[in-house]
1. At 0.36 nm per residue, and after removing the present C-alpha to C-alpha distance, how many nm does the segment from Ala116 to Ala28 gain when stretched out fully?
2. Among the aspartates and glutamates, select those whose C-alpha is under 14 Å from the C-alpha of Lys46, and discard any that sit fewer than 8 residues away in the same chain.
3. [x] 15.0, 47; [y] 22.4, 79; [z] 16.0, 48: which one is Rg and Dmax of the Cα atoms in Å as calculated from this entry?
4. Which of the aspartates and glutamates could a cross-linker span from Lys33 if the Cα-Cα distance has to be under 16 Å and same-chain partners fewer than 8 positions apart are dropped?
5. For the ranges 87-98, 5-16, 117-128, what's the packing order if you count other beta-carbon atoms within 10 Å of each residue, average per peptide, and put the highest first?
6. How high is the relative contact order of the chain? Use alpha-carbon pairs under 8 Å, at least six apart in sequence, and give a whole percent.
7. Given Cβ point charges of +1 (Lys, Arg) and -1 (Asp, Glu) and nothing else, what value in debye, to the nearest 20, does the dipole of the chain about its Cα centre take?
8. To the nearest 0.05, how large is the calculated FRET efficiency for Glu125 and Lys73 if R₀ is 25 Å and r is the Cβ-Cβ distance?
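Computed from the coordinates by the stated procedures, all read-outs in this text should not be read as laboratory data. Note that the coordinates shown come from a computational prediction; the quantities given were computed from them, not determined experimentally. In this analysis, Cβ positions are derived from the backbone assuming ideal geometry, glycine residues included, and neighbour counts consider all displayed protein chains.
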Amino acid sequence: MGCSVTAMSYDAEHGSFTEIQTASALPAEKSPKYSGAEVLVHPSGKFVYASIRGLDVISVFAVDPATGRLTLKGNTSSGGKIPRGFRIDPTGHYLLAGNQSTHNVVVLKIDPSTGALTPTGASAEIGAPVCIRFLNP
């Protein structure tokens, strides 16, 4: 809810987590009207994505493979208002963002080398999407 993402290390032997870093998902301007919703890791493990309501963006973080630290690479419009749930397709090539207040799901292409998101122009109208899931056939 606080518009940040916390990176953690995991100790499998002890079943415990240790905080590495908490990184803001926001550009310089902040507003009490902004709130975080969902956070997902790209299947490659190289990128982390977070939806930010109010600012109406998907934030993109790069993951340092040596340290696990996050670097905010940018924010891309979710293509609507109040992005809640989103999903990365099983191939890792696309991110589908559900925008609750504009009643649409927007498809964004993922750049495999930078994690950057680009609108594809594809979208679907659906009543107040808050959760997106892919089903196995």
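1. Result: 29.8 nm gained on full extension.
2. Candidates past the 8-residue exclusion: Asp64, Asp111.
3. [x]
4. Reachable aspartates and glutamates: Asp56.
5. Ranking, from highest mean packing down: 87-98, 117-128, 5-16.
6. In percent, rounded to a whole number, it is 16.
7. Computed about the Cα centre, the dipole is about 340 debye.
8. 0.25
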